[in-house]
Amino acid sequence: MTFDCVLQAWHDHQAELRGFLIGQIKEPAMADDVLQDVFFKAMREGRGFCELQNPRAWLFRVARNALTDSHRLRKDWVPVPDHLPDERAPDRAPVDELDACIDATLPDLAESERDILQACDLGPMSQEAYADSRGLSLPAAKARIRRARERLREALTKRCDVALDSAGNVCCHAELDGSSRCFPSSHNRATG
């Protein structure tokens, strides 16, 4: 449905509005896109537009708002040369490199040990929530997770030849394929 008042206001102010937009954007094609959006908004206003006291002021206000939106959404793209190194993923911490070994070792643990490790250490559950859900006291859950962690550490040391540095942090381990993965650091062999 077209409204004569919108068409008349558009006829009266389009050239001035376009000049304003080109002065702001400096790209005629982009200015024409914003101008078209302003026209569509005026058409959607319909009878409300016809009742405006100052249609010119309304058109300019909508154009300024459209400019603000376009500037906010506009992104300047810079081409990235192919020879740059991929810096999206920083080096993982040595302990994070053990995930494959942990996945392979978990099935060897007792069900209760595997359950608490998967719920609390590998999952989102707190020790208190775990204790409540299993009908345990909090001290019993803490003791169970401590024992499970010790068993997992022993199993990882055997299966993946985990080495610890002088501070007790993982610094070296064998991959499941037999290769060794070491990280810069002095280390001591973990003992079970």
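Of the residues making up segment 102-113, those that are over 27 Å from the mean Cα position of the chain (by Cα), in contact (Cβ under 8 Å) with a residue 24 or more places away in the chain and in a helix (DSSP H, G or I) are A104, T105, L106, D108, S112, E113. Could you say whether any residue in segment 87-94 is modelled with pLDDT under 95 and surrounded by 14 or more Cβ atoms within 10 Å (Cβ to Cβ)? Scanning segment 87-94, I find at least one residue that is modelled with pLDDT under 95 and surrounded by 14 or more Cβ atoms within 10 Å (Cβ to Cβ), so the answer is yes. Is at least one residue of segment 115-124 in contact (Cβ under 8 Å) with a residue 12 or more places away in the chain, surrounded by 15 or more Cβ atoms within 10 Å (Cβ to Cβ) and polar (S, T, N, Q)? The answer is no; no qualifying residue exists.
Considering segment 12-77, the qualifying helices (runs of 4 or more DSSP H), each wholly inside and each with 2 or more residues that are crowded, with 18+ Cβ neighbours inside 10 Å, run over 28-45, 55-73.
Scanning segment 132-146 for residues that are closer than 10 Å to L117 by Cα and either surrounded by fewer than 17 Cβ atoms within 10 Å (Cβ to Cβ) or in contact with a His (Cβ under 6 Å, 6 or more places away or on another chain) (or both) yields a single hit, R146.
The values are calculated or read from the model by the stated rules, or taken from the named source; none is laboratory data. Small disclaimer: the values here were computed from a predicted structure and weren't measured. With ideal geometry, Cβ positions are generated from the backbone for all residues, glycine too; neighbour counts draw on all protein chains shown.
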